[in-house]
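**Q** Once you've had a glance at the structure underneath, I'll fire off some questions.
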Amino acid sequence: MEKFGRSQSVKRVEDLRFLTGHGRYVEDIAPAGALHAFFLRSYAAHADISELDVADARALDGVALVLKAEDLETAGVKLSMKPSIIKNIDGTKAADPARPLLAKGRVRHVGEAIAVVIADTVETAKDAAEMIGLVLDDLDVHLDLATGGAEIHPEAPQNLSFTYGNGAEAETKAAIDAAAHVVTVDVPDNRVIAASMEPRGCFAEITDGRLHVAVNGQGVWGPKSDLAYHLCMDKTDIRVTNPDTGGGFGMKAMMYPETIVVAHAARLLGKPVRWMSERTEAMLTDNAGRDLTTTATLALDADYKITGYHLDSVCNLGAYNSGYAQFIQTDLFSKVLMGTYDVQAAYMRTIGVYTNTTPVDAYRGAGRPEAIFVLERVMDEAARQLGIDAWDLRRKNFIAPDQFPYTTATGVTYDVGEFANLLTRAGDEADVAGFTGRKATSAAQGKLRGHGLCYYIESILGAPTETARVDFAEDGALIFVGTQSNGQGHETVFAQFLADQTGIPADQVRVIQGDSDLIPTGGGTGGSRSVTVQNTATLATVEKITTAFAAFLSDIEGVPANEISFDDERFRIPGSNLTPTMLEVADMARDAGRDDLLSHTSTITLENRSFPNGAHVAEVEIDPETGVLVVTNYSVVDDFGNLINPMLVAGQVHGGVAQGIGQAVTERVVFDDYGQLLTASFMDYGMPRADDVPMIKFATQGTPSKYNPMGMKGCGEAGTVGALAAVTNAVVDALWDQGVRDATMPFTPHRIWTMLQKAKENSAAA
């Protein structure tokens, strides 16, 4: 019998259909003859709507429906989207401005949906949208990452969304005041666009009197709940499906207005309606990421041990409270505030401000890259200012293995870690000992070379509860999962894990996901949770199956059930020649009319998070004449605990590192003074290309987590978490001797050249 064994690299089974054009994406499966939706969007960042005349558009041949905000309200649709609201530092509720599905009275960012046209073809819908009489009276815009300026919402004076604090403020101040060394660094974190391979899209239809909505998101239960809320429907009358999805990055985890409006249109017309975002439309309307600045202060004693850590952050929420924006920039940030270091006093204060830009949500790590980026930047800066080796400074302050379980200053308890050993391995893998020679070679060629380190830790987030169901069919088994693949390889890894635990050949296991009718509950995908939480639920389900099958065999063989064992492949029955496999017992149960034994479900809740961690080492070379930067070498050593499929883990890390390098080297969202997005296409926005990313050397050195039975730790976002600081620290290292002290991402040729010229001018002036 085919048997994988644990931690085997197995090729992704889904790749064959993806690479041969047999994927089933939202645009592939939209019902034949479905009407097309097109949204009329604001051309101004901040303006009053003085005229919105849709009469001519409604009269155009082929147009089935045109809707404005008032039409939604008249039909009983709840116009304002559900916000994400936190408490301020003083216990009061943060600002709660309404975010309408379609703009009502005022627009607050370029691209905000004002009306929707439903027509026979998308071309007709676009023609009709051009016939809508729209007049906007411009208002002053607020774009600065600061409070004050033109008021965007009356509910948010000074454009302040929230003021949040976490940690021990008085103790941290005392530690800083008493410190032998204090280092303060301003760390900007540039805004980036998600730019998933497949833009957002959906279709909706009425089937057998029920509303069916297919959306290319990161789960089906959140959208189902939101649709029921806005459309005032019972959840049982709604089915949400999530087909193949070409990338999510957290950006597709939350609800957007288009899905709700399309669903309402389909319900109103009694016909299927489809919508697919265009690329520029996506760049204008998808939740973006990052866009915050932090002042970090590190206090150290005379022996260079960290005694206190203080952060002041300002984050850009865009025009509205979008999805998890407030939550991400507060709670998740603080969960990894302390990194891997033994610190007794820490405090973070952060404020969120509204601007006339697209709604903002962290998507490539949900707060963790920001937190680690800031911490590892200030650690690197401290080492430079104090004349300490950056690697030794980290070793001196690591939480030691005998300190675990370790509760951080923000109240999070880490279960295990061997940070110093892993760091040593990272140095060997990166050949840090040979860096001096490589730097000399670069210098002989007129180039600048630097290397940078980041030691990260992140926490597995998202919903801690998950359900798995296994059904036995005549040709194998089906496993129903509550997560949703966005390209990570779930179909392979979940089938592989079930095969490993049950002996059922993986090619006879079919993974079912993304259907709220078939899977009543689930946490979706996000926060690196999928493999850890879902496979723990699968493990519990296998235990149920084993117990039930042993009881069934006990009745047949007359042997006590507790004497029947299962060795991950066959049941062993004392005194019997019968050694059936799982599938054979299922066939026996089916023949005996025991259909109750053919479906098994378990729901688990992980009470604690697990904490992946690792070291990233980047090496860069810079041509000072042109400012061109090349990331020449990149090494990663990660602690992901026990692995299910190392090949998929490596792929996740490679992708994450590429994303991090993209933000560090090429990507930046730019608005003009009027709130117009200047980087609204791939001609203008610097997505990383193949030649921007080096070969990535990857290794793992696992310390099994104690917080789940398989000892697993997630890996989906780890690559990005470490890459920002590793690359930035490498650039700082390369430019330090040239007098550059203010290195800010992204490190484009022009920016690097400008920094070098400024350093020369400062040197000459001195």
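**Q** With the structure loaded, tell me whether Thr163 is more than 22 Å from Val273 (Cβ to Cβ), open to solvent by 20 Å² or more (accessible area, probe 1.4 Å) and in a strand (DSSP E or B) or whether it fails that test. Give the derivation first.
**A** Numbers: more than 22 Å from Val273 (Cβ to Cβ): yes; open to solvent by 20 Å² or more (accessible area, probe 1.4 Å): yes; in a strand (DSSP E or B): yes.
Here the answer is yes, as Thr163 does meet what is asked.
**Q** Pull up the stretch 515-543, narrow it to residues that are at pLDDT 90 or above and open to solvent by 30 Å² or more (accessible area, probe 1.4 Å), then point me to the one that is nearest to Ala499 (Cα to Cα).
**A** Only one residue tops the list, namely Glu543.
**Q** What is the number of the single condition among (1) modelled with pLDDT of 95 or more; (2) part of a loop (DSSP other than H, G, I, E, B); (3) under 20 Å from Ile479 (Cβ atoms) that Asp587 does not meet?
**A** Of the numbered conditions (1) modelled with pLDDT of 95 or more; (2) part of a loop (DSSP other than H, G, I, E, B); (3) under 20 Å from Ile479 (Cβ atoms), the odd one out for Asp587 is (2).
**Q** Also, quick follow-up: Considering only the stretch 424-436, state which residues are assigned to a helix (DSSP H, G or I) and either open to solvent by 40 Å² or more (accessible area, probe 1.4 Å) or hydroxyl-bearing (Ser, Thr, Tyr) (or both). Show your work before the answer.
**A** Here is the first cut: in the stretch 424-436, the residues assigned to a helix (DSSP H, G or I) are 424-429, 432-436.
Within the stretch 424-436, Thr424, Arg425, Asp428, Glu429, Val432, Ala433, Thr436 qualify.
**Q** Specify the residue that is nearest to Leu735 (Cα to Cα); the eligible residues are those in the stretch 442-469 that are open to solvent by 30 Å² or more (accessible area, probe 1.4 Å) and either of a type in the set (Ser, Thr, Tyr) or in contact with a Leu (Cβ under 7 Å, 6 or more places away or on another chain) (or both).
**A** Pro464
**Q** For the stretch 417-429, does any single residue satisfy the condition of being charged (D, E, K, R) and under 19 Å from Val740 (Cβ atoms)? So that I can check it myself, show each step before the final result.
**A** Filtering the stretch 417-429 for residues charged (D, E, K, R) gives 418, 425, 428-429.
Those still in the list that are under 19 Å from Val740 (Cβ atoms) too: none.
Within the stretch 417-429, not a single residue is charged (D, E, K, R) and under 19 Å from Val740 (Cβ atoms).
**Q** Consider Val273 against the criteria (1) closer than 30 Å to Glu717 by Cβ; (2) surrounded by 24 or more Cβ atoms within 10 Å (Cβ to Cβ): it satisfies all of them except one. Which criterion is unmet?
**A** All conditions pass for Val273, except number (1).
**Q** So which pairs qualify, if the first residue must be in the stretch 671-682 and under 16 Å from Ile193 (Cα atoms), the second must be among the aromatic types (Phe, Trp, Tyr) and open to solvent by 40 Å² or more (accessible area, probe 1.4 Å), the Cβ gap must be under 7 Å, and the two must be at least 6 apart or on different chains?
**A** Leu677/Phe671; Leu678/Phe671
**Q** If you don't mind, another one. All but one of (1) surrounded by 18 or more Cβ atoms within 10 Å (Cβ to Cβ); (2) in contact with a strand residue (DSSP E or B) (Cβ under 8 Å, 6 or more places away or on another chain) hold for Asp415; state the number of the condition that does not hold.
**A** Looking at each condition in turn, Asp415 falls short on (2).
**Q** Taking Ser599 as meeting all but one of (1) modelled with pLDDT of 95 or more; (2) open to solvent by less than 10 Å² (accessible area, probe 1.4 Å); (3) farther than 30 Å from Asn190 by Cα, write down the number of the exception.
**A** (2)
**Q** Go through (1) over 17 Å from Thr603 (Cβ atoms); (2) open to solvent by 20 Å² or more (accessible area, probe 1.4 Å) and name the single condition His490 misses.
**A** The number of the failed condition is (2).
**Q** Here is a further query. In the stretch 276-298, what residues are among the β-branched types (Val, Ile, Thr) and open to solvent by 40 Å² or more (accessible area, probe 1.4 Å)?
**A** Keep residues of the stretch 276-298 that are among the β-branched types (Val, Ile, Thr), which gives 280, 285, 293-295, 297.
Result: Thr280, Thr293, Thr295.
**Q** As an exercise: evaluate Lys439 against (1) assigned to a helix (DSSP H, G or I); (2) open to solvent by 20 Å² or more (accessible area, probe 1.4 Å); (3) farther than 30 Å from Trp391 by Cβ; (4) among the charged types (D, E, K, R) and give the number of the one condition it does not meet.
**A** Of the numbered conditions (1) assigned to a helix (DSSP H, G or I); (2) open to solvent by 20 Å² or more (accessible area, probe 1.4 Å); (3) farther than 30 Å from Trp391 by Cβ; (4) among the charged types (D, E, K, R), the odd one out for Lys439 is (3).
**Q** Something else: Tally the residues that are more than 16 Å from Leu453 (Cβ to Cβ) and either part of a loop (DSSP other than H, G, I, E, B) or open to solvent by 30 Å² or more (accessible area, probe 1.4 Å) (or both), restricting the search to the stretch 631-645.
**A** In the first step, residues of the stretch 631-645 are kept if they are more than 16 Å from Leu453 (Cβ to Cβ); the result is 640-645.
Remaining after also requiring either part of a loop (DSSP other than H, G, I, E, B) or open to solvent by 30 Å² or more (accessible area, probe 1.4 Å) (or both): 640, 642-645.
Result for the stretch 631-645: 5.
**Q** Name the residue that is farthest from the chain's Cα centre (by Cα), counting only residues in the stretch 403-433 that are among the polar types (S, T, N, Q) and under 16 Å from Val343 (Cα atoms).
**A** Here is the first cut: in the stretch 403-433, the ones among the polar types (S, T, N, Q) are 403, 407-408, 410, 413, 421, 424.
The next check asks that each one be under 16 Å from Val343 (Cα atoms); those that pass are 403, 407-408, 410, 413.
Values: Gln403: 31, Thr407: 25, Thr408: 24, Thr410: 22, Thr413: 23 Å.
For the stretch 403-433, the residue satisfying everything is Gln403.
**Q** Among the candidates Ser602, Ser576, Ser565, Ser610, which residue alone is farther than 20 Å from Gln501 by Cβ and of a type in the set (Ser, Thr, Tyr)?
**A** Working: Ser602 fails: farther than 20 Å from Gln501 by Cβ; Ser565 fails: farther than 20 Å from Gln501 by Cβ; Ser610 fails: farther than 20 Å from Gln501 by Cβ.
None of the others qualify; the one that does is Ser576.
**Q** Looking for whichever is part of a loop (DSSP other than H, G, I, E, B), surrounded by 15 or more Cβ atoms within 10 Å (Cβ to Cβ) and at pLDDT below 95 here; the options are Gly651, Gly660, Gly716, Gly739. Which one fits?
**A** Gly716
**Q** Something else now. State all residues of the stretch 387-409 that are in a loop (DSSP other than H, G, I, E, B) and either in contact with a Lys or Arg (Cβ under 7 Å, 6 or more places away or on another chain) or open to solvent by 50 Å² or more (accessible area, probe 1.4 Å) (or both); if no residue qualifies, say none.
**A** Taking the stretch 387-409 and keeping what is in a loop (DSSP other than H, G, I, E, B), we get 387-389, 399-400, 404-405, 408-409.
Hits for the stretch 387-409 are Gly387, Asp389, Pro405.
**Q** Just to verify a result, which residue in the stretch 11-30, among those that are part of a loop (DSSP other than H, G, I, E, B), open to solvent by 30 Å² or more (accessible area, probe 1.4 Å) and in contact (Cβ under 8 Å) with a residue 24 or more places away in the chain, is farthest from Ala266 (Cα to Cα)? I'd like the intermediate steps shown before the answer.
**A** The initial filter retains those residues of the stretch 11-30 that are part of a loop (DSSP other than H, G, I, E, B), namely 11-14, 20-24, 30.
The next check asks that each one be open to solvent by 30 Å² or more (accessible area, probe 1.4 Å); those that pass are 11-13, 20-22, 24.
Keeping just the survivors that are in contact (Cβ under 8 Å) with a residue 24 or more places away in the chain gives 11-13, 24.
Details: Lys11: 40, Arg12: 36, Val13: 35, Arg24: 21 Å.
Top of the filtered list is Lys11.
**Q** Which numbered condition trips up Thr538, out of (1) in contact with a strand residue (DSSP E or B) (Cβ under 8 Å, 6 or more places away or on another chain); (2) without any contact (Cβ under 8 Å) to a residue 60 or more places away in the chain?
**A** (2)
**Q** Of all residues in the stretch 169-195 being closer than 21 Å to Val412 by Cα and touching a strand residue (DSSP E or B) at 6+ places or on another chain (Cβ under 6 Å), which is most open to solvent (accessible area, probe 1.4 Å)?
**A** Glu169
**Q** Something else now. Six or more apart or on different chains, Cβ atoms under 7 Å: show the pairs whose first residue is in the stretch 598-611 and of a type outside the set (D, E, K, R) and whose second is open to solvent by 20 Å² or more (accessible area, probe 1.4 Å) and assigned to a loop (DSSP other than H, G, I, E, B).
**A** Short answer, once both residue conditions are applied: Thr605/Pro464; Leu606/Pro464; Leu606/Tyr707; Asn608/Tyr707; Ser610/Tyr707.
**Q** If you don't mind, another one. What are the pairs with Cβ atoms under 9 angstrom where one residue, in the stretch 157-180, is over 25 Å from Val353 (Cα atoms) and the other, located anywhere, is open to solvent by 60 Å² or more (accessible area, probe 1.4 Å) and not hydrophobic (A, V, I, L, M, F, W, C)? Sequence gap at least six, or different chains.
**A** Partner pairs satisfying both residue conditions: Glu171/Gln344; Ala175/Gln344; Ala180/Asp303; Ala180/Tyr304.
**Q** Residue check, Gln496 against (1) over 29 Å from Ala726 (Cβ atoms); (2) open to solvent by 20 Å² or more (accessible area, probe 1.4 Å); (3) not β-branched (Val, Ile, Thr), all met but one. Which one?
**A** All conditions pass for Gln496, except number (2).
**Q** Filter the stretch 315-373 for residues that are at pLDDT below 55 and in a loop (DSSP other than H, G, I, E, B) and give the result.
**A** The answer is Gly323, Tyr324, Val336, Asp361, Ala362, Tyr363, Arg364, Gly365, Ala366, Gly367.
**Q** Still on this structure: Out of the stretch 501-514, which residues are open to solvent by 10 Å² or more (accessible area, probe 1.4 Å), in contact (Cβ under 8 Å) with a residue 40 or more places away in the chain and of a type outside the set (Gly, Ala, Ser)?
**A** If the condition is that a residue be open to solvent by 10 Å² or more (accessible area, probe 1.4 Å), in contact (Cβ under 8 Å) with a residue 40 or more places away in the chain and of a type outside the set (Gly, Ala, Ser), then Gln501, Pro505, Asp507, Gln508, Gln513 are the ones that fit.
**Q** What is the number of the single condition among (1) in a helix (DSSP H, G or I); (2) open to solvent by less than 20 Å² (accessible area, probe 1.4 Å); (3) of a type in the set (Ser, Thr, Tyr) that Thr546 does not meet?
**A** Result: Thr546 fails condition (2) only.
The values are calculated or read from the model by the stated rules, or taken from the named source; none is laboratory data. This is a predicted model, so every value here is computed, not measured. Cβ atoms come from the backbone with ideal geometry, glycine included; neighbour counts cover every protein chain shown. Areas reflect the complete protein model, heavy atoms only, side chains present, ligands, DNA and RNA absent. Shrake-Rupley method; radii C 1.70, N 1.55, O 1.52, S 1.80 Å.
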